[in-house]
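Scroll down for the structure; my scribbles are underneath it.
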Amino acid sequence: MLPNLIEQFRTDGKVAVVTGASRGIGEGIAIGLADAGASVILTARDQERLHQVSETITQRGGTCSVIVGDITEEKTIEGLITHATDNYGSLDIWVSNAGTSDHPGHFTFEEFPTWHWDQQIALNLRPHFIAAKHCSEVMKPGSSIIGISSIASLRAAVRFAGYGAAKAGMNNLSQTLAIELAPKGIRSNIVSPGQVPTEATTRVGGVPPEKFSELAAAIPLQRVGTPQDIAGAVLYLVSEAGSWVTGQNLVVDGGYT
């Protein structure tokens, strides 16, 4: 008898870590996975915002816990994995969402400071590598490692050279992980969002909220994305519905690229 396809999208019994879960895309992913049945460990540096997300998940009937920490520190990653295994008995899903920048990215290449390059690699690439190393030691067959990349990784990232290069590195690393971790039954995939207006769009990208609607003009589907659009892609990749998918980059951008 064929399995119920809708049920294949459920994540009941799975344990997930979502980094950068305090706002924007990370918040959307965390809520989406919890809605689908996963126990979700939320992490970011903003304790107040994390607890707001936690309250939302609880009110919707989901299960979650909060770990405040800086994902650029290896001890934070180790602590998250230990928390998952000690408190939930397993770790089935890791989503590297924390990223973007603590500083505006508007630097021409001639002016691009070395410190900003190093910061972009440290925030947008290195944690995914460290997390995958530790996850591979505890994850069981059927588990998933997801990197949230960007369409900036697929073309020239003008004035955002460090960010684009770091995300392109994440893409390549994910493909490598897909091959090397396949014997363990661990899948590795990427989701590359297009224009999803968040606080970072204003803080880093320099686009004020009143201009968000104008971003849609260049998108074939004539709308910007939402965190839920990205959460849907992640849910597919980590659920049984996506169990034969690994080494892929699922671009979610309304047709922009």
I need a count of the residues in segment 178-214 that are in a helix (DSSP H, G or I), in contact with a Gly (Cβ under 8 Å, 6 or more places away or on another chain) and at pLDDT 95 or above. 2
Which is within 13 Å of the chain's Cα centre (by Cα) and on the phi > 0 side of the Ramachandran plot, of 20, 32, 26? 20
Counting just the residues of segment 64-107 that are more than 18 Å from residue 22 (Cβ to Cβ) and polar (S, T, N, Q), which one comes out surrounded by the fewest Cβ atoms within 10 Å (Cβ to Cβ)? 87
Among what's in segment 1-50 and is part of a strand (DSSP E or B), of a type in the set (Gly, Ala, Ser) and out of contact with any Asp or Glu (no Cβ under 7 Å at 6 or more places or on another chain), pick the residue that is nearest to residue 78 (Cα to Cα). 44
What pairs can you find where one residue is in segment 243-256 and touching a residue at least 40 places away in the same chain (Cβ under 8 Å), the other is among the acidic types (Asp, Glu), and their Cβ atoms are less than 6 Å apart, with a gap of 6+ or different chains? 252/229
Answer yes or no: is there a residue in segment 110-124 that is touching a residue at least 60 places away in the same chain (Cβ under 8 Å) and closer than 21 Å to residue 250 by Cβ. no
So which residues in segment 182-203 are hydrophobic (A, V, I, L, M, F, W, C) and surrounded by 20 or more Cβ atoms within 10 Å (Cβ to Cβ), if there are any at all? 186, 190, 191, 196
Go through (1) farther than 30 Å from residue 92 by Cβ; (2) touching a residue at least 40 places away in the same chain (Cβ under 8 Å); (3) surrounded by 15 or more Cβ atoms within 10 Å (Cβ to Cβ); (4) not polar (S, T, N, Q) one by one and return the number of the condition residue 206 breaks. (3)
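The values are calculated or read from the model by the stated rules, or taken from the named source; none is laboratory data. Note that the structure is predicted; figures quoted are calculated from it, not measured. Counting neighbours? That spans all protein chains shown, and the Cβs are built from the backbone with ideal geometry, glycine included.
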